[in-house]
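Written out below as structure tokens is the structure these notes cover.
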Amino acid sequence: MADPLILLVDGHGLAYRAFYALPELNAPDGTPTNAVLGFSNMFLKVLEEWRPDYTAVIFDAKGPTFRSEQYAAYKEGRAPTPEELTVQIPLIEELVEAMGFPVWIRQGVEADDVIAATAHRFAGGENRMVVLTADKDLLQILGDGIQVLRPKKGVSTFTLFDRASFREEYGFAPESMRDYLAMVGDSVDNVPGIKGIGDKTARKLLGRHPRLEEIYDHLDECTPAQRKKLEAGKDQAFESRELVTLREDEPLELADMTPRAAAADSLSSLCRQLGLGKLQDRLFRGDVIAIERSAGAADGPERREASLQELLEAPRLALTWDPSRSPRTDGEGLEYLLGAEDGRYRRGPLAGADREAFTAWLEDGTLLLPRYKAWCHAFPDAPLSADRVWDARVAHYLLHPDSAAATFPALLDSAGEGELYPDRIWRLHGDLQPQLEEAGLDRLMEDVDLPLCPVLAAMEERGLGVEEQIFTDLEEGLRQRIGEIEDEIAEVAGERINLQSPKQVRELLFDVLGLPPQKKTKTGYSTDVTVLEKLAALPGGEVPKMMLEHRELAKLLSSFVHPFMKARNPETGAIHSTFEHTVTGTGRLSSTGPNVQNLPLFGEWARRFRKGLVPRDRDRLFVAADYSQIELRILAHLCRDERLIEAFAAGRDIHRETAASVFSKASREVTPEERRMAKVVNFGLLYGMTAFGLAGRLDVPQSAAQDIVDRYFAAFPSVRAYMDESAEESRKRGHTVTLFGRRRPLREVSTVEGRGAGAIKRVAINTPIQGSAADITRLAMVEVFHRLCRGREGVDMVLQVHDSLVLEVAPDLADQVERDLCRIMEAAADLAVPLVAEPKRGQSLADV
């Protein structure tokens, strides 16, 4: 048998190499992933080719080391690690551990020192040692039984160094590497070296004399210029050698490098979260890691089939179905798996007498589900209240709101069986429910998120009516106007150009028309919307103005008119969007297939589009209510600013009041422009807008914008205090929290909303406000559904858009429903200021 092989991996070194070798890549939630993917590919390639018996991945610890204590300037001036890489290091550590390989971080000691100490301890004799690193410093440990692998090109090829190949490459022995580094220095770590002595000179000197001491003993053999530089830098050279010499007093033990079986749950979940499907396939289909199936029959109670009658004797059951199918679309023909906690299960459809027996059990039974909302479509009339449901997706979402949408499918199938057995839901219940209770999220699940599921299912079933003729006419009108614009531009240009081609648009604007370029990109002058808007405001800006209109109309046609016409169900005459409440980090709902929450708002074309969205029952009308300035009211409640509270309590115009405070004048003297500016400030600061951003929005100099910000915080000091305190408290806790206890872990959003500490602060300030508004809206939806809609003819909830609820109502019920709708919404939460819901009604969404 071959001698045991030990693989030591320089974690940070390899991560840096991967980060700069691969282009920008991002997970579905925006998290950078290029370093994770590059590191994993290099690591797996080496594992596949070398098949080590022992492996350890060592990362640098944060904080000072003996080198920084010895030499204060060590690593001083080094450029900070890019935030896009910083957030990936913990993910790499997590991935390696999930793969089953030990990860080590020693406080006060750099990874290179741990690697050197371990390599020299176990090299030779019965062991072989391979070090995987991108750092040339580790070449100094080459010796009998120790080889070093360094990435050569990208992340796919490597150079293997041993004593012979090193000498051939450098011209001296590996033992002289620290002397070489002492002379040439290291600008990255701020190791000074000898000024004026570069790579070639150092190699020649060490080829003749292998130690610094010997070089200085033979200065008479050097050229006058070399001798002068060596003499001037002697102290720095010996100090630098001390810095680059690797310590060997913190080795790992063999037990510290022994791999274990990989955890399938964690590995699948992380790969899915990061959008690394191909990596997941490679991990699970390869043979360099042992997959531990930690879920399913392998570690739960033994599965055995049972009759439905036998199962219905249990007070709690789990119900699952094929994850690739949907109760909403497959109906009674769908096959279900019904299972008890002890492993008994039954497979088959729930129809006829079986459905009746199961429905009777639901009178008192408790059901564990992968998705309660999906179940509501299959059993809309079953007597199952939300307090007797446990929903795996909702539970996972409450704990991981920013990553749940990407990771939940892998969490369900982490056993790798493909089929979803009920024992998997029991397992998740055992894992997630204690976490919910510990975080205080169990009440939020029971009181808000589960009761919302049947509400959303009913909205999806009802849908929004589509007036087909309006959409047909709109499509024809848009095509005609788009063609007219293209003809007009072609007449100016002298030829027809492709308005979707940045190159052709650029040539027309700047070469043919001679308009002034505004900003430059890597591929040439920009022709984006901001540039066209500036050009359109200039004399001779007719063509940019037409281009803006062309883009707007083309987007309306391709992104709204066509998708909505295609999504119209010919049987119901409506579109049936999917509403999700387990997707966004803030708690707001989302809509897909199509998105009915993000409709065009402004202009005649947008009005015509919205006019085509009508009640499914054409004899009804829409009754809607919109929370007035709910986020500013929540801000007033949170910061307890007396002026804000008093203004809201008195029912005054908050933007006019803000303008009066900022511009130091009476409310009645505030101009419409000043009110507009105050509105921008109110909402801009709420979302973390800086003076720079405010200057752009208000079209004023940055100094003037900063003056407005300063005046605002002087007028409302409690707002400033809240923002600072909220950000600091969230940072200490590691998560934001809403008025209702909904959490958002900051680690999961660190790359979603921008980069750096500023982005985290914006999330920490805004999420409690936006999330509280979302919670209030959820509560209102549940109350409105149960008190106005459920079991009642002539009233259906059909749409929720941020702070607005839209109901489809029979005309004779409209007055009463409108009053009740506003009353319920205004009573959804008890704040320090009143909640106000403003009603609207009409025959289409253009009216509400």
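The values are calculated or read from the model by the stated rules, or taken from the named source; none is laboratory data. Worth saying up front: this structure is predicted, and the values here are computed from it rather than measured. Virtual Cβ from ideal backbone geometry, glycine too; neighbours counted across all protein chains shown. Accessible surface is based on the protein model in full, side chains and every heavy atom, while ligands, DNA and RNA are left aside. Shrake-Rupley method; radii C 1.70, N 1.55, O 1.52, S 1.80 Å.
The table below lists the values:
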| read-out | value |
| --- | --- |
| Rounded to 5, percent antiparallel among DSSP beta bridges of the chain | 65 percent |
| Entries of K153/K278; K62/K153; K611/K679; K545/K611; K679/K840; K732/K761 with Cα pairs more than 18 Å apart | K153/K278; K62/K153; K611/K679; K545/K611; K679/K840 |
| Two-site FRET efficiency, Q107 against R643, from Cβ-Cβ distance with R₀ of 41 Å, rounded to 0.05 | 0.25 |
| Inter-label distance, nm, simple model (7 Å from Cα along the C-beta direction), R823/R163 | 9.3 nm |
| Ellipsoid semi-axes in whole angstrom, largest first, where each is sqrt(5λ) of the Cα gyration tensor of the stretch 299-381 | 19, 15, 12 |
| Additional length obtainable on full extension of the chain from E248 to D144, 0.36 nm per residue less Cα span | 35.8 nm |
| Mean Cα-pair separation over length for the chain, i.e. relative contact order, pairs under 8 Å, 6 or more apart, % | 10 percent |
| Förster-model FRET efficiency, 22 Å R0, A554 and E468, C-beta, rounded to 0.05 | 0.50 |
| Segment R731-E335, length gained on full extension (0.36 nm per residue, minus Cα span) | 137.9 nm |
| Among A647, Q480, Q629 the positive-end extreme of the charge dipole of the chain (Cβ point charges) | Q480 |
| Sum of side-chain charges, R711 neighbourhood, beta-carbon under 14 Å (Lys, Arg +1; Asp, Glu -1) | -1 |
| Sparsely packed GluC sites (Glu not before Pro) within the stretch 533-624, loop by DSSP, other Cβ within 10 Å at most 10 | E571 |
| Two-site label geometry, T258 and L25: point separation in nm, points 7 Å out along Cα→Cβ | 3.4 nm |
| Separation in nanometres of the label points that stand 7 Å from Cα toward Cβ, at D815 and D724 | 5.5 nm |
| Cα-based reach from K519 at 16 Å (exclusive), listing aspartates and glutamates while leaving out same-chain residues under 8 positions away | E507, D511, D528, E533 |
| About the Cα centre, charge dipole magnitude for the chain (Lys/Arg +1, Asp/Glu -1 at Cβ), debye | 1940 debye |
| GluC sites (Glu not before Pro) restricted to DSSP loop in the stretch 337-442 with at most 11 other C-beta within 10 Å | E363 |
| Of all accessible heavy-atom area on the stretch 579-736, the percent that carbon and sulfur account for (1.4 Å) | 51 percent |
| Label-reachable residues, the stretch 82-105, where backbone N falls under 19 Å from a point 7 Å from A290's Cα toward its Cβ | 96-103 |
| Cα-only radius of gyration and Dmax that characterise the stretch 79-203, units Å | 16.3, 47 |
| R618/E507 FRET efficiency (R0 45 Å; Cβ-Cβ; nearest 0.05) | 0.35 |
| For the chain: accessible area per residue (Å², 1.4 Å) | 44 Å² |
| Computed lengthening from F713 to E580, 0.36 nm per intervening residue step minus Cα-Cα distance | 44.2 nm |
| Convex hull of Cα atoms in the stretch 379-485, direction-averaged projection (nm²) | 11.7 nm² |
| Paramagnetic reach from Q500 in the stretch 548-574 [backbone N under 19 Å; point 7 Å along Cα→Cβ] | 548-566 |
| Extreme residue, positive dipole direction of the stretch 528-577, given options L553, G541, H576 (C-beta unit charges) | H576 |
| Solvent-accessible area, 1.4 Å probe, carbon plus sulfur percent, for the stretch 450-509 | 42 percent |
| Filtered GluC sites (Glu not before Pro), the stretch 441-500: DSSP coil and at most 16 other beta carbons within 10 Å | E495 |
| Relative contact order of the stretch 519-656, pairs being alpha-carbon contacts under 8 Å that are 6 or more residues apart, as % | 10 percent |
| 21 Å Cα-Cα reach of K195 towards lysines, excluding residues that sit fewer than 8 places from it in its own chain | K75, K136, K204, K228, K229, K234 |
| Candidate aspartates and glutamates - alpha carbon under 13 Å from K152, same-chain residues fewer than 8 apart omitted | D135 |
| Helical contribution to [θ] at 222 nm, DSSP H n ≥ 4, -39,500 (n - 2.57), averaged over the chain, rounded to 500 | -14000 deg cm²/dmol |
| Percent of Cα-Cα distances greater than 17 Å, calculated over the stretch 525-593 | 63 percent |
| For the stretch 665-736, diffusion coefficient by Stokes-Einstein and Kirkwood Rh (Cα), 25 °C, 0.890 mPa s, µm²/s | 184 µm²/s |
